[in-house]
Amino acid sequence: PQHEFFDLVESLLGELRRAVEENQLTLYFQPKIDLRSGVTRQAEALVRWIHPQRGFVPPGEFIPFAEQTGYLREMTRWIIRRAIRQCGEWQARGLELTVAVNIGARDLLDPDLPGLVAGELRQHGLDARWLGIEITESGVMEDPARSLDTLRRLDALGIKLAIDDFGTGYSSLSYVRQLPVKELKIDQSFVRNLATDSGDAAIVKSTIELGHNMGL
């Protein structure tokens, strides 16, 4: 029955709210390694949910739900605050790592996002160059004009912007050229079988050359 479905959604949303309020969420930091030197210079913040009863909840289950219910905005704000705080603590200990955070399509439409980021950076005494923000092509294309405005304001702060999952979105290369991004992250679907699939190898090689030619 429909009312049971809505009750379930409301229950799950309540659990997700509590997860944020009671710090059941945690950030894992995935290293990004410079292949030339072998040195880890960056880390990507990945949110994980450790539920008190259910245990580990895969991100593929709760992140789409958060997007659909509109709660992703609150989660994104939690992630940004925690990632900046952690980066600031590392800097204080002499560990110079750039931390990257993923944001969704709705986050790009939030006019308060650049101000939130700037405020958190000031609070933790962190230079903006140590923060990276990753967006998807498809996320930008939901509302290109508003997304571009948000990206330009973030870029003006000195934050390094990257396009995530590159090659799977719907944007044209001419539009990508307008974005104030410094980095392309090739989608894993092209990289996973790189050693055995000549077609994927050709796509990855061409994309890398394209990125370099665009100054990325």
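Taking the DSSP bridge list for the chain and keeping only pairs wholly inside it, about 45 percent are antiparallel.
Taking only protein heavy atoms into account and a 1.4 Å probe, give the accessible area per residue of the chain in Å². Walk me through the numbers before you get to the answer.
On the way: 12070 Å² over 216 residues.
So the chain comes to 56 Å² accessible per residue, rounded to a whole number.
Packing order of peptides 197-210, 59-72, highest average first: 59-72, 197-210 (average count of other Cβ atoms within 10 Å over each peptide's residues).
All other residues with a Cβ under 12 Å from the Cβ of residue 162 taken together, and with Lys, Arg as +1 and Asp, Glu as -1, what is their net charge?
Details: positive: 32, 160, 182, 185; negative: 44, 134, 137, 155, 164, 165, 183.
Cβ neighbours under 12 Å give a net charge of -3.
With only the Cα atoms considered, the chain has a convex hull volume of 165 Å³ per residue.
Surface calculation, 1.4 Å probe, protein heavy atoms: residue 212 sits at approximately 120 Å² accessible.
With q set to 0.18, 0.21, 0.27 Å⁻¹, the log10 of I(q)/I(0) for the range 148-216, from the Debye formula over equal scatterers at the Cα positions, is -0.72, -0.91, -1.26. If I build a Gaussian network model for the chain, linking alpha-carbon pairs within less than 10 angstrom, which residue out of 107, 164, 187 has the largest mean-square fluctuation? The residue that fluctuates most here is 187.
Segment residue 22..residue 177, full-extension length gain: 51.6 nm, with 0.36 nm per residue of separation and the alpha-carbon distance subtracted. With both labels modelled 7 Å from their Cα along Cα-to-Cβ, the residue 157 to residue 32 distance reads 1.6 nm. Taking the chain as a Gaussian network of alpha-carbon nodes connected by springs under 10 Å, the highest mean-square fluctuation of the residues 91, 53, 24 belongs to 53.
Share of carbon and sulfur in the accessible area of the range 68-208 stands at 48%, probe radius 1.4 Å.
The values are calculated or read from the model by the stated rules, or taken from the named source; none is laboratory data. None of these values were measured; they are calculated from a predicted model. Cβ atoms come from the backbone with ideal geometry, glycine included; neighbour counts cover every protein chain shown. Accessible surface is based on the protein model in full, side chains and every heavy atom, while ligands, DNA and RNA are left aside. Shrake-Rupley method; radii C 1.70, N 1.55, O 1.52, S 1.80 Å.
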